[in-house]
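**Student:** Dropping a structure here in structure tokens format, bear with me for questions.
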Amino acid sequence: MIAEGKYKIEGAYYAIGKKYYSRVLGLTEVDNERVKVIPLKGKYIPRENDLVIGKIIDVGMTNWSVDINSPYTGVLQVTEVFSKPTSISRSSLSNILNVGDVILAKVIAFDFTRDPLLTIKEAKLGKVSKGTVVEITPSKVPRVIGKKGSMVNMIREVLKVNIIVGKNGRILVIGSKPEYEALAVMVIKKIEKEAHTTGLTDRIKSYISKLVNEEGE
Amino acid sequence: MKKVSNITEVIKLLDENGIRSDGRRLDEMRKIKIEVGVLKNADGSAYIEMGNNKIIVGVYGPKEVRPKHLAIPYKSLIRCRYEMMPFSVSDRKSPSPSRREIELSKAIREALEPAIFTEEFPRTMIEIFIEVLEADGGTRTASINAASVALADAGIPLRDLVTAIAIGKIDGKLALDINGIEDQYGDGDMPIAMMPQLGYVTLFQADGIFTSEEIEKAFEMAKKAIWNIYEIQKKALKSKYLQIVKEVDINE
Amino acid sequence: MSDKYQVISILKKDAILQLLKKNERIDGRGLEDFREIEIFTNIYNKAEGSARVHLGDTKVVAGVKASIGIPFPDTPNVGVQVVNAELIPLASPLFEAGPPGEEDIELSRVVDRGIRSSEMIDNKKLALIPGKKVWMIFIDIYPLDYHGNLMDAFGLAAVSALLTGNLYETEINEDDIILKENKIPIPINHVPIFVTIGKIQNKLIVDPTFEEEMVLDAKITYTIDENNNICGIQKSGTAGFTIDELIMARDIAIEVAAKIRKYLPLKKG
């Protein structure tokens with residue numbers, strides 16, 4: 001039980017009457033009468049409009065199966081790849097996206113009764129041809145992003161890398177230099193491990209400058 | 001463990017001072033140690049030592065159901081396998097699942113499932129694998145204590161942890177947390193699991209003979225022990241993350 | 001029976017729940033009433049003991065076979081008791097052929113423990129040459145028609161078959177055992193009765209039917225001997241009970257067991 005009585009509770013909790021219980025192994029942030037429960041770990045459950053990074057695991061007659069690091073396998077229909085109606089045979093489907101290909105996609109529909117539908121029709125979505133994909137526990141994605149994107153922006157600036165954060169705990173890092181790409185991966189892993197500690201942003205900042213100095217030597 | 005067959009008559013479970021064969025009082029629990037996150041592949045894991053019992057639990061999921069037709073449209077399928085390793089008991093146990101193991105797998109699953117928000121993950125499954133490395137009475141309750149911690153470690157939403165203890169009957173008296181010898185030569189065994197915060201009993205079994213009054217008394221004894229174990233479970237979960245906080249502090 | 005949820009319609013489910021709110025049941029019974037019981041014993045002559053039990057529409061059979069064998073090394077001076085149950089496809093479209101699953105095994109083990117814990121069979125009398133030769137009693141239980149609460153029906157069938165069963169009289173000639181023509185009753189000490197109580201929301205019901213089982217949150221089986229001692233407990237199902245509910249269920253079980261006891265066949269001898 002985390003609280004009883006008049007509280008404003010957010011995050012992963014459930015209530016029985018006026019008693020509030022945490023429902024996950026997590027951290028509680030208490031701020032006056034506001035309590036927030038933040039899970040430390042958890043699987044990715046798709047939601048509409050989520051940006052995800054997926055891996056093609058099967059090529060079907062009219063669609064691809066996509067591993068999105070979730071208990072639910074993503075489905076990418078041919079119609080969500082091309083803007084114009086096209087007639088394509090199965091063999092040519094695998095010419096477009098084959099098993100093992102990584103894609104940046106958006107969840108367009110998911111209601112638990114059927115597997116989540118993905119699209120790559122919008123701008124910036126599609127097949128990923130370079131960079132490194134880091135996998136972290138999806139519940140820690142907000143920490144990597146930071147308050148209003150502060151954490152991810154800092155890494156972007158200092159290490160001169162492009163970072164695309166998938167809601168499913170997969171993060172794509174594309175660096176101008178491969179060394180910096182590797183450094184960014186290390187930084188993200190550190191954030192994941194220390195996500196529940198205080199003073200994280202400052203510590204990560206000094207960690208990056210230390211790494212950059214070592215790299216320079 | 002010594003071979004004890006054919007010497008039934010000489011085994012004395014309780015001495016004249018009310019002290020048990022392993023030196024405990026009737027209401028005394030064995031030592032418990034729980035470690036969290038002991039396996040890397042599993043989504044959640046825990047290792048427990050409860051007296052001489054040594055048990056490791058791994059949890060996978062929620063994940064896709066294989067084979068697919070077993071998927072349940074409105075909730076997650078919970079699978080549980082309780083297994084004793086052949087070397088965990090004095091006479092080697094055959095590696096194929098025994099009837100006891102199959103029944104206990106079901107009983108343990110039904111002790112844990114009430115705590116899991118299964119309805120939030122339709123068409124998925126959660127797998128709980130319990131391996132007993134060394135057994136000395138009360139493996140099902142120790143397994144439940146470890147498995148609920150492993151479920152929490154996996155980040156699976158839970159109404160509460162599930163905490164369990166067995167009440168036995170030796171020399172006609174109720175005894176907390178009976179060990180292997182007490183189970184074998186005692187007059188009864190009553191394992192109980194609860195969601196302590198919510199007050200629900202999720203596993204309740206017994207063999208041996210108990211009077212009506214003894215059942216009420218057993219609940220009282222069990223409740224007290226269960227709150228103690230509950231604290232140990234929570235501490236174990238916290239310590240995994242506190243360890244990282246400590247490391248961070250040292251490095252600064 | 002992994003796909004229970006498909007078996008009963010939502011309409012029926014609602015009907016059961018609505019009635020229960022008024023403490024009524026779909027077949028008109030009160031919450032603590034059990035269905036009509038009929039017991040037929042000594043019906044299969046090749047068996048040492050046999051019984052068919054009807055609990056409402058649920059029909060089950062049990063047979064006892066006995067043979068002479070070697071005792072277990074850790075219990076050299078008592079006979080051997082084996083209980084087996086199998087949910088055969090004859091009895092329900094929900095049962096599949098194949099090796100016994102969790103439910104079959106749970107049912108047989110709960111019956112086994114009830115008989116064992118109550119010391120129903122006078123096991124010491126089954127030791128013919130202690131340490132060497134003992135009677136082995138096999139109790140096999142099968143459903144014929146499944147309409148809920150196999151647990152209590154299985155228990156009643158096993159107990160009835162044992163109560164009315166016979167063993168050959170024996171004569172010991174050094175290390176040999178000679179079976180005589182005369183038969184004597186299986187030695188019986190106590191008689192356990194199995195009472196299963198279902199929980200639906202906050203209601204406790206005795207002897208659930210198949211439809212009620214499909215909406216049950218959890219079940220508790222108490223095994224009660226003739227002195228009102230509890231000689232077996234098994235909780236099953238995917239929800240929990242409060243301690244108060246379990247105590248209440250225990251009291252109901254003791255009352256119901258006394259009523260069911262009146263249907264038992266007379267002990268032989």
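The values are calculated or read from the model by the stated rules, or taken from the named source; none is laboratory data. Bear in mind that the values here come from a model prediction, so they are computed numbers and not experimental data. Positions of Cβ are generated from backbone atoms using ideal geometry, with glycine treated the same way; all protein chains shown enter the neighbour counts. Keep in mind that these areas ignore ligands, DNA and RNA; they rest on the heavy atoms of the full protein, side chains included. Shrake-Rupley method; radii C 1.70, N 1.55, O 1.52, S 1.80 Å.
**Student:** Percent of accessible area on the stretch B:20-251 owned by carbon and sulfur, 1.4 Å probe?
**Tutor:** Roughly 53 percent, rounded to a whole number.
**Student:** What do the square roots of 5 times the Cα gyration tensor eigenvalues come to for chain A, in whole Å, largest first, as semi-axes of the equivalent ellipsoid?
**Tutor:** Ellipsoid half-lengths, sorted descending, are 34, 27, 12 Å.
**Student:** If I model a spin label as a point 7 Å beyond the Cα along the Cα-Cβ vector, how far apart are those points for B:D27 and C:K125 in nm?
**Tutor:** Between B:D27 and C:K125, the label points sit 4.2 nm apart.
**Student:** Keeping the other protein chains in place, figure out the carbon and sulfur percent of the accessible area of the stretch A:86-217, with a 1.4 Å probe.
**Tutor:** Within the stretch A:86-217, the accessible surface is 52 percent carbon and sulfur.
**Student:** Compute the relative contact order of the stretch C:8-261 as a whole-number percentage, counting only Cα pairs closer than 8 Å that sit 6 or more residues apart in sequence.
**Tutor:** 20
**Student:** To continue, here is another question. Chains B and C: what accessible area do they bury, summed, in square angstrom to the nearest 100, with a 1.4 Å probe?
**Tutor:** Separately minus together, B and C give about 3300 Å² buried.
**Student:** Here's something else I'd like to know. Could you provide, to the nearest whole Å², the per residue accessible area of chain B with probe 1.4 Å?
**Tutor:** 42
**Student:** With a cap of 15 neighbouring Cβ atoms within 10 Å, and only residues DSSP puts in a loop, list the GluC sites (Glu not before Pro) found in the stretch C:162-257.
**Tutor:** C:E174, C:E226
**Student:** Separate question: What residue among B:G155, B:Q205, B:G180 has its Cα farthest toward the positive end of the dipole of the stretch B:132-252, where the charges are +1 on Lys, Arg and -1 on Asp, Glu, each on the Cβ?
**Tutor:** Result: B:G155, furthest along the dipole toward the positive end.
**Student:** What does the C-alpha gyration tensor say about the overall shape of the stretch A:51-127? Classify as rounded when a/c is under 1.5, otherwise prolate if a/b is larger than b/c, or oblate.
**Tutor:** rounded
**Student:** With θ set to phi - 60°, apply the Karplus curve 6.51 cos²θ - 1.76 cosθ + 1.60 along the stretch B:57-64 and write out the HN-Hα couplings as whole Hz, x wherever there is a Gly or Pro.
**Tutor:** Each residue of the stretch B:57-64 in turn: 10, x, 10, 10, x, x, 9, 5 Hz.
**Student:** Taking the alpha-carbon centroid of each part, what is the distance from the stretch A:44-66 to the stretch B:88-128 in angstrom?
**Tutor:** First find each Cα centre; the distance between them is then 32 Å.
**Student:** Springs between alpha-carbon pairs under 10 angstrom, Gaussian network model over chain B: which of B:R66, B:R109, B:R20 fluctuates most?
**Tutor:** With Cα springs under 10 Å in chain B, the top fluctuation among B:R66, B:R109, B:R20 is at B:R66.
**Student:** Lysines near A:K127 by alpha-carbon distance under 19 Å, same-chain residues fewer than 8 away left out - which ones?
**Tutor:** Hits, sequence-local ones excluded: A:K55, A:K84, A:K106, A:K167.
**Student:** Only helices at least 24 Å long along their axis, Cα-based, and averaging -0.5 or more on Kyte-Doolittle count here, so list those DSSP H runs from chain C.
**Tutor:** Answer set is C:243-261.
**Student:** Among the aspartates and glutamates, select those whose C-alpha is under 13 Å from the C-alpha of A:K189, and discard any that sit fewer than 8 residues away in the same chain.
**Tutor:** Straight-line reach from A:K189, under 13 Å: A:E135, A:E181.
**Student:** I need two numbers for chain B: Rg to one decimal and Dmax as a whole number, Cα atoms only, in Å.
**Tutor:** Values for chain B (Cα only, Rg and Dmax): 18.9, 64 Å.
**Student:** Relative contact order for chain B: what is it in percent, counting Cα pairs under 8 Å that are at least 6 residues apart?
**Tutor:** After rounding, I find 20 percent.
**Student:** Given a cut-off of under 8 Å on Cα pairs at least six residues apart, what relative contact order in percent is computed for the stretch A:132-216?
**Tutor:** It comes to 31 percent, rounded to a whole number.
**Student:** Taking Cα atoms of chain C, Rg/Rh with Kirkwood Rh, to two decimals?
**Tutor:** Value, to two decimals: 1.01.
**Student:** Separate question: Between the alpha-carbon centers of the stretch A:114-147 and the stretch B:55-80, tell me the distance in whole angstrom.
**Tutor:** What the calculation gives is 25 Å, centre to centre.
**Student:** OK, next. Check every DSSP H run in chain B and write down those whose alpha carbon atoms cover 27 angstrom or more along the long axis and whose mean Kyte-Doolittle hydropathy is -1.0 or greater.
**Tutor:** B:212-251
**Student:** Right, another one. Near C:K267, which lysines are there with a Cα under 21 Å away, not counting those fewer than 8 places off in the same chain?
**Tutor:** Reachable lysines: C:K46, C:K65, C:K124, C:K125, C:K183, C:K259.
**Student:** For the stretch C:130-135, in order, what is each residue's ³J(HN,Hα) by Karplus, 6.51 cos²θ - 1.76 cosθ + 1.60 with θ = phi - 60°, in whole Hz (x at glycine and Pro)?
**Tutor:** Karplus-based 3J(HN,Hα) across the stretch C:130-135 equals x, x, 10, 10, 9, 6 Hz.
**Student:** I'd like the carbon and sulfur percentage of the solvent accessible area for chain C, probe radius 1.4 Å, heavy atoms only, ligands and nucleic acids excluded.
**Tutor:** 51
**Student:** Hey, how many Å between the Cα centroid of the stretch C:87-116 and the Cα centroid of the stretch B:207-237?
**Tutor:** Using only Cα atoms, the two centres lie 30 Å from each other.
**Student:** Loop only by DSSP, 13 or fewer other Cβ within 10 Å of the Cβ. Give me the chymotrypsin sites (Phe, Trp or Tyr not before Pro) in the stretch A:69-149 that pass, ordered by residue number.
**Tutor:** A:F82
**Student:** Count, for each residue of C:95-107, the Cβ atoms from other chains sitting within 10 Å of its Cβ, then give me the mean as a whole number.
**Tutor:** 3
**Student:** Keeping all protein chains in place, calculate the accessible area per residue for the stretch A:124-217 (probe 1.4 angstrom), answer in Å².
**Tutor:** Result: 51 Å² of accessible area for each residue.
**Student:** Here's something else I'd like to know. Taking the Cα centre of the stretch C:8-261 as the origin, how large is its charge dipole in debye, to the nearest 20, when only Lys and Arg (+1) and Asp and Glu (-1) carry charge on their Cβ atoms?
**Tutor:** 200
**Student:** Based on the alpha-carbon gyration tensor of the stretch A:132-216 and its eigenvalue square roots a ≥ b ≥ c, which shape applies: rounded if a/c is under 1.5, prolate if not and a/b is larger than b/c, or oblate?
**Tutor:** oblate
**Student:** If one takes the accessible area of chain A alone plus chain B alone and subtracts that of the pair, with a 1.4 Å probe, what total in Å², rounded to the nearest 100, results?
**Tutor:** Roughly 2400 Å² of accessible surface disappears when A and B pair.
**Student:** So which trypsin sites (Lys or Arg not before Pro) in the stretch C:94-134 are both in a DSSP loop and have at most 14 other Cβ atoms within 10 Å of their Cβ?
**Tutor:** Those satisfying the criteria are C:K132.
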